[in-house]
Amino acid sequence: MVILVKRTGQLGNRLFLFAHFLANAAEYGYELANPSFGGYAPFFEATATGNFGGLPVRLHAFRQSGLDRLLNLVQHPRAFGLLQSASRLLPRRAALLTDQAGQDYDLNQPAYLAAARSGLVLAHGWQFRDKRNFARHGALLRQLFAPIETHRLAVAALLSALRQTADVVVGVHIRRGDYATYNNGAYYYDNATYARAMRAVQEQLPASRRVVFLLCSNEELNFADFAGLRVHAATGHFVEDLYALAGCDYVVGPPSSYSMWASFYGQVPLLHLEQPNQDLRLQDFAVFLDQ
């Protein structure tokens, strides 16, 4: 059995972490518990209902769900390291795994799979990956992580309204908030940067195509900064904005697992703005498959 211990990052990070473990568990048939996803569980079909399509997967690590709070004690890497040092106190077949910064941990390793099938594994980190089976089980992952009906209907209504007057819908992920400090603010772009990228996309599309830009942001926007472009605001709900991006024809935004999940889920071509003055070409957009 494998338990995902650490709550790493926000929604995009946790979706990818859970999805890679799910793909691996589906491929190799071991039990999986992910209490670290609990805060987001009510928003998705599988996690809201506990129905993982017959897979031995659940959210709670312990039979009494309240005991999951014990895992709060080892959220910090240093605390988990102390637990590793005292691993002799754990059951004999327990393994404690951490990832390494900037390096993926391959879940197809024989030693990991043997431990997952026959013992207890506590996984602490977010760079655990099964790139061999992630895309292979893509249809299952999309089914399990479909948003619940309330949010599906809201996204469908938004996109339907846009499609009535547009031939091409371009999703624009405008990430602010924590990006003011993340990576020293390298991806904290102003509205002028996004408007320039949007115009570059529009100029490369046939003039006969009606283009609308769906703006998804975690802060209020001044729409006057996008003069000359047809823009529409998303609903502002973080799950609905994510899946609205997944329903667009193109997605553009700063490097973020949020837009990567939208690209994977909706199989939508994505381009990340690595620099504010980056050249933007339609042929550089690609569906993100985490391979």
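Any read-out appearing in this document is the output of simple, stated calculations on the displayed coordinates, not a laboratory observation. Keep in mind the model is a prediction, meaning the values are calculated, not measured. Here the Cβ positions follow ideal geometry from the backbone for every residue, glycine too, while neighbour counts run over all protein chains shown.
Computed from Cα atoms, the angle from the helix 257-266 axis to the main principal axis of the chain rounds to 80 degrees.
Quick one: if you take sqrt(5λ) for each eigenvalue of the C-alpha gyration tensor of the chain, what semi-axes come out, biggest first, whole angstrom? Don't jump to the answer; show the numbers that get you there.
On the way: eigenvalues 287, 77, 58 Å².
Gyration-tensor ellipsoid for the chain: 38, 20, 17 Å.
Rounded to the nearest 10 degrees, the inclination of helix 11-28 to the longest alpha-carbon principal axis of the chain is 50 degrees.
With respect to the chain, whose longest principal axis is taken over its alpha-carbon atoms, helix 149-163 is tilted by about 20°.
Across the chain, the relative contact order, built from alpha-carbon pairs under 8 Å that are at least six residues apart, equals 19 percent.
Kirkwood-based Rg over Rh for the stretch 126-182 (C-alpha set), two decimals?
Ratio of gyration radius to Kirkwood radius: 1.09.
Spin-label pair L289-Q100: with each label point 7 Å from Cα along the Cα-Cβ axis, the two points sit 2.8 nm from one another.
The spread of Cα positions in the stretch 128-236, taken along each principal axis and listed from longest to shortest, comes to 43, 41, 29 Å. Backbone N atoms of the stretch 115-130 closer than 16 Å to the 7 Å Cα→Cβ label point of R58 belong to residues 120-121.
Using the Kirkwood formula over every pair of different C-alpha atoms, what hydrodynamic radius in Å results for the stretch 200-262? Spell out each step's value before the answer.
Numbers: mean 1/r = 0.0779 Å⁻¹.
With all distinct Cα pairs of the stretch 200-262 included, I get 12.8 Å.
For the stretch 153-200, the alpha carbon positions stretch 40, 27, 11 Å along the principal axes, listed from largest to smallest. Net charge in the neighbourhood of S217 (other residues with Cβ under 11 Å of its Cβ; Lys, Arg +1, Asp, Glu -1) is -1.
The simple spin-label model puts a point 7 Å past each Cα toward its Cβ; for L153 and A233 those points are separated by 2.3 nm.
Averaging the sequence gap over all C-alpha pairs within less than 8 Å and six or more residues apart, then dividing by the number of residues, gives the stretch 101-253 a relative contact order of 27 percent.
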